[in-house]
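Notes follow the structure.
No value in this document is a laboratory result; all are computed from the given coordinates. This is a predicted model, so every value here is computed, not measured. Heads up, the Cβs are rebuilt from the backbone with ideal geometry, glycines too, and the neighbour counts pull from every protein chain shown.
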Amino acid sequence: MNINMTTFGTYKINDKVILLLTSDASNASFFCDATHMLYHHINATTKIFPSLFSYQPGTIIIDYDFIKDDFQGLIRRIRTNMFYNKLKICCLKTSANMKTDDELRVIGVDFFIYRKSIAPYGRYNINI
């Protein structure tokens, strides 16, 4: 699986704890093998906020294809809560879509990871 990360500006993770919200366990094993971070895999949307509170991660990676219908509401809820104001939000998507990516960036997504190797804004390896 080829994954490219796009970001604007400098991105640095202060905490080594990352929440990964996806239905597929193979995504979790890929991220655990690719980096030296501590990942907590979440496979249900009802577990997001209890996990955010208990683990206090620096980053959350959310699979866009998994919760496509509730994605914008979830991001808006996270961004309006002062407790999560330093949380970096990553969107894991199948491919880049300029219109959707711009909308998600406006509501608070910090960076994107694409499963396909096409990344129109630049190409980076996952070195989080």
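For the pair PHE83 and HIS40, label points projected 7 Å from Cα toward Cβ lie 1.2 nm apart.
Amide H contacts for ILE42 (H built 1.01 Å from N in the peptide plane; partners 5 or more residues away or on another chain; cut-off under 5 Å): LEU20, LEU21, THR22.
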